[in-house]
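Visitor: After the structure tokens below, expect a handful of questions from me.
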Amino acid sequence: MPYSKLPTLSLASGLASPEAKQAFLEELRETARGLGFFYLKDHGIAADLIADVLKLTRSFFSLPERDKLDIQMVNSPYFRGYNRAGLEHTRGKPDWREQVDIGPEQVPLKVTSSSPTWQRLIGPNQWPKALPDLKPVILKYQAAVTALGIQLTELLAEALGQRKDVFAPVYTPTPNQLIKIIRYPGRSSGESNQGVGAHKDSGFVTILLQDKVGGLQVEGENGWIDAPPVPGTFIINIGELLELASNGYLRANVHRVVSPPSDTDRLSVAFFFGANLSATVPVLTLPAALQAQVRGVTQDPNNPLFSEVAKNFLKSRLRSHPDVAQRHHADLLEAKDRTGPVTASAY
């Protein structure tokens, strides 16, 4: 039957016994194949840590603009840092959200003209001097949601009839970790309501923390399904890597965020758990009963999917952040994109 709301899964209950785990894996598989989105409760991440993350997110966006612009993304060739509302694009249109992109803390590689292009993305984050508490809390949270992302990816592998570590060679030794702390300003009824445009996510799974104001919508068979905040839960969605690996058995679904009303704003913290940038996505051999239900990978001519992880991720970075692309990576752009906004985006 068509979904009218996101289902809710309990991680702790699902792992309470072998019998409970089998039932959980079946529910996880059907949910990941159907809507591709669900609420996850009893996930094991401390409520105090979550509260600290949301508190510091609010504190950052309350800083004077000059303090936020000290770490603006356009100064980072690694696509890390702050963007004002309207500077990130989805399918050529500006997203009305301000945000900070944070990856793993890394030492830049020595890149030459013959180096793989993904090596350009390896480097440090930018952290606001005016809010020194942000770095330790976000990095602690990054470690916690990375562990949860690995656990969910292992469970999804088992749900597909695979060894739980089948994807480990793809995300080790260093997975692709991206956190976005995001504020969606309120907008009046006469303005565009694109908080972020319709898109799919590119990794294995996304772990989304919402504050108190809704706006996330998921594409259903009968239209958009609202996914309001539910205390104590994350929203989990399937990314394109799992759709590729399962040859379309699992579903990376389209979603968007509608801007809140003009008298409020919306906070969220999104974590994207992805594969090592040097990896290639394997296509799994599924059990016969599952193989019979394979749908093939959805291909959008404006957003082609590649088995090479770096191609997908770099493509989305270049398209979503045209100012960074043109300043630091103009040689990677198509000629038509070197003098103006890029026309399409994965997310």
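The values are calculated or read from the model by the stated rules, or taken from the named source; none is laboratory data. Values in this document were obtained by computation on a predicted structure and should not be read as measured data. Here the Cβ positions follow ideal geometry from the backbone for every residue, glycine too, while neighbour counts run over all protein chains shown.
Visitor: For segment 256-291, what are the residues that are surrounded by fewer than 22 Cβ atoms within 10 Å (Cβ to Cβ) and hydroxyl-bearing (Ser, Thr, Tyr)?
Guide: Ser262, Thr264, Ser278, Thr280, Thr285, listed by residue number.
Visitor: If you don't mind, there's one more thing I want to ask. Give the number of residues within segment 180-220 that are under 20 Å from Gly92 (Cα atoms), assigned to a loop (DSSP other than H, G, I, E, B) and among the polar types (S, T, N, Q).
Guide: Counting residues in segment 180-220 that are under 20 Å from Gly92 (Cα atoms), assigned to a loop (DSSP other than H, G, I, E, B) and among the polar types (S, T, N, Q) gives 3.
Visitor: With respect to Gly215, is the statement that it is at pLDDT 95 or above and at positive phi true?
Guide: It is true that Gly215 is at pLDDT 95 or above and at positive phi.
Visitor: Right, Leu87: under 22 Å from Asn193 (Cα atoms), at pLDDT below 95 and in a loop (DSSP other than H, G, I, E, B) or not?
Guide: Judged against the criteria, Leu87 is a match.
Visitor: Right, another one. Looking only at segment 70-89, count how many residues are surrounded by fewer than 20 Cβ atoms within 10 Å (Cβ to Cβ) and of a type in the set (D, E, K, R).
Guide: Residues that pass the stated criteria total 2.
Visitor: Do we find a residue being part of a helix (DSSP H, G or I) and within 23 Å of Ala252 (Cα to Cα) anywhere in segment 123-142? Full working, then the answer.
Guide: Here is the first cut: in segment 123-142, the residues part of a helix (DSSP H, G or I) are 134-142.
With within 23 Å of Ala252 (Cα to Cα) added as a condition, the list becomes 142.
Yes, that holds for at least one residue.
Visitor: With the condition being in contact with a helix residue (DSSP H, G or I) (Cβ under 9 Å, 6 or more places away or on another chain), basic (Lys, Arg) and modelled with pLDDT under 90, I'd like the helices (runs of 4 or more DSSP H) fully within segment 230-336 carrying at least 2 qualifying residues.
Guide: Qualifying helices (runs of 4 or more DSSP H): 309-320.
Visitor: Which residue is nearest to Met73 (Cα to Cα), if the candidates are limited to segment 97-122 and must be assigned to a loop (DSSP other than H, G, I, E, B) and among the β-branched types (Val, Ile, Thr)?
Guide: Here the answer is Ile122.
Visitor: Quick one: would you say Gln177 is among the polar types (S, T, N, Q) and assigned to a strand (DSSP E or B)?
Guide: Yes.
This table checks each residue for (1) more than 14 Å from Lys180 (Cβ to Cβ); (2) of a type in the set (Phe, Trp, Tyr); (3) exposed (fewer than 15 other Cβ atoms within 10 Å of the Cβ).
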position	(1), (2), (3)
Ala46	yes, no, yes
Phe60	no, yes, no
Leu63	yes, no, no
Lys68	yes, no, no
Arg91	yes, no, no
Pro94	yes, no, no
Glu105	yes, no, yes
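Visitor: Then there's this: State whether the residues of segment 232-255 include one that is in contact with an Asp or Glu (Cβ under 9 Å, 6 or more places away or on another chain), surrounded by fewer than 19 Cβ atoms within 10 Å (Cβ to Cβ) and not aliphatic (A, V, I, L, M).
Guide: Yes, segment 232-255 contains a residue that is in contact with an Asp or Glu (Cβ under 9 Å, 6 or more places away or on another chain), surrounded by fewer than 19 Cβ atoms within 10 Å (Cβ to Cβ) and not aliphatic (A, V, I, L, M).
Visitor: Filter segment 1-17 down to the residues that are touching a residue at least 24 places away in the same chain (Cβ under 8 Å) and of a type in the set (A, V, I, L, M, F, W, C), then identify the one that is farthest from Glu221 (Cα to Cα).
Guide: Taking the candidates together, the pick is Ala12.
Visitor: Out of segment 75-93, which residues are under 16 Å from the mean Cα position of the chain (by Cα) and among the basic types (Lys, Arg)?
Guide: Correct list: Arg80 only.
Visitor: Here's another thing I want to ask about it. Within the set of pairs 6 or more residues apart or between chains, which connect a residue that is closer than 20 Å to Pro185 by Cα inside segment 85-108 to a residue that is assigned to a strand (DSSP E or B) and of a type in the set (Ser, Thr, Tyr) with Cβ atoms less than 8 Å apart?
Guide: Trp96/Tyr184; Arg97/Tyr184; Glu98/Tyr82; Gln99/Tyr82; Val100/Tyr82
Visitor: Scan segment 12-37 residue by residue and report those that are closer than 25 Å to Ala270 by Cβ, in a helix (DSSP H, G or I) and aliphatic (A, V, I, L, M).
Guide: Within segment 12-37, Ala12, Leu28, Ala32 meet the criteria.
Visitor: Could you identify the single residue in Leu49, Leu40, Leu54 that is aliphatic (A, V, I, L, M), modelled with pLDDT of 95 or more and part of a strand (DSSP E or B)? Please lay out each step first, then the result.
Guide: On the way: Leu49 fails: part of a strand (DSSP E or B); Leu54 fails: part of a strand (DSSP E or B).
Going through Leu49, Leu40, Leu54 in turn, just one is aliphatic (A, V, I, L, M), modelled with pLDDT of 95 or more and part of a strand (DSSP E or B): Leu40.
Visitor: Another question about this same structure. How many of the residues making up segment 261-273 are out of contact with any Asp or Glu (no Cβ under 9 Å at 6 or more places or on another chain), of a type outside the set (Asp, Glu) and farther than 21 Å from Thr233 by Cα?
Guide: Summing the residues that are out of contact with any Asp or Glu (no Cβ under 9 Å at 6 or more places or on another chain), of a type outside the set (Asp, Glu) and farther than 21 Å from Thr233 by Cα in segment 261-273 gives 2.
Visitor: I'd like to know if segment 167-174 contains one or more residues that are assigned to a helix (DSSP H, G or I), touching a residue at least 12 places away in the same chain (Cβ under 8 Å), more than 14 Å from the chain's Cα centre (by Cα) and more than 20 Å from Phe204 (Cβ to Cβ).
Guide: no
Visitor: Tell me, yes or no, whether segment 45-66 has at least one residue that is touching a Lys or Arg at 6+ places or on another chain (Cβ under 6 Å) and closer than 24 Å to Leu209 by Cβ.
Guide: Yes, because at least one residue in segment 45-66 is touching a Lys or Arg at 6+ places or on another chain (Cβ under 6 Å) and closer than 24 Å to Leu209 by Cβ.
Visitor: Another one. Please identify the pairs in which a residue from segment 288-313 that is within 14 Å of His199 (Cβ to Cβ) and in contact (Cβ under 8 Å) with a residue 24 or more places away in the chain has its Cβ atom under 7 Å from the Cβ atom of a residue that is part of a helix (DSSP H, G or I) and aliphatic (A, V, I, L, M), counting only partners at least 6 apart or on another chain.
Guide: Leu305/Leu244
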